[in-house]
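The values are calculated or read from the model by the stated rules, or taken from the named source; none is laboratory data. Keep in mind the model is a prediction, meaning the values are calculated, not measured. Cβ coordinates were reconstructed from backbone atoms using ideal geometry, including for glycine residues, and neighbour counts include every protein chain displayed.
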Amino acid sequence: MRRRVRRWRGGILLETLVSLALFAGAASFALASMRSVIQANDLAERRAQAVDLARTKMAQLETGMISLLDLRNENAAEAGSDSRSFSDESMSDGPRWIVEIDTEPSEYTGLTLVILTVKENGEHPAYVGSDRAAAYSLRQLVALRGAAEVRP
């Protein structure tokens, strides 16, 4: 009888090691899944900011608050800048977003196709290390105030 007890004495240790290995594998899988969910959520949030900035600039253009010339010559640091003050000086270095605008004549009289693209500045300290940059292009027909602003 004693021989059987001695033979199975290491079995409990083996079962414990196997259960710990399974737990470690499941935990690493759960952490990897959470990491990818957090990254996807961050990208979606940055894309929403790009959409908001593009629609804001397009609305300003439509209402006459700014002109195409203003958008083309706009100081890049002002495009999508955050009015909040940061205690960390590195967060305020350079523009967070890059706004590009292009126009094309349309087949409709008095309307111009405006293509406004908002992209993340990959060199901004807030986005260094991001694997994917957020961007959004908005194409819309707009009645511009001056025909001289349209580039064929």
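Has the range 25-46 got at least one residue that is of a type in the set (Gly, Ala, Ser), part of a helix (DSSP H, G or I), under 14 Å from the mean Cα position of the chain (by Cα) and on the phi < 0 side of the Ramachandran plot? Quick ask: steps written out before the conclusion?
We begin by selecting, within the range 25-46, every residue of a type in the set (Gly, Ala, Ser); these are 25-28, 30, 32-33, 36, 40, 44.
Within this subset, residues satisfying the condition of being part of a helix (DSSP H, G or I) are 25-28, 30, 32-33, 36, 40, 44.
Those left that are additionally under 14 Å from the mean Cα position of the chain (by Cα): 40, 44.
So of that shortlist, the ones also on the phi < 0 side of the Ramachandran plot come out as 40, 44.
Among the residues of the range 25-46, at least one is of a type in the set (Gly, Ala, Ser), part of a helix (DSSP H, G or I), under 14 Å from the mean Cα position of the chain (by Cα) and on the phi < 0 side of the Ramachandran plot, which makes the answer yes.
For the range 89-129, which positions are of a type outside the set (A, V, I, L, M, F, W, C), in a loop (DSSP other than H, G, I, E, B) and modelled with pLDDT under 85? Let's see the steps before the verdict.
In the first step, residues of the range 89-129 are kept if they are of a type outside the set (A, V, I, L, M, F, W, C); the result is 89-90, 92-96, 100, 102-110, 112, 117, 119-125, 127, 129.
Okay, now just the ones that are also in a loop (DSSP other than H, G, I, E, B), so 93-96, 106-110, 121-125, 127, 129.
Result: 93, 94, 95, 96, 121, 122, 123, 124, 125, 127, 129.
Would you say residue 55 is basic (Lys, Arg), part of a helix (DSSP H, G or I) and modelled with pLDDT under 90? Walk me through how you get there before you give the answer.
Numbers: basic (Lys, Arg): yes; part of a helix (DSSP H, G or I): yes; modelled with pLDDT under 90: no.
The answer is no for residue 55.
With 64, 80 as the choices, which residue is in contact with a Leu (Cβ under 7 Å, 6 or more places away or on another chain) and modelled with pLDDT under 90? Step through it out loud before you land on a result.
Numbers: 64 fails: in contact with a Leu (Cβ under 7 Å, 6 or more places away or on another chain).
None of the others qualify; the one that does is 80.
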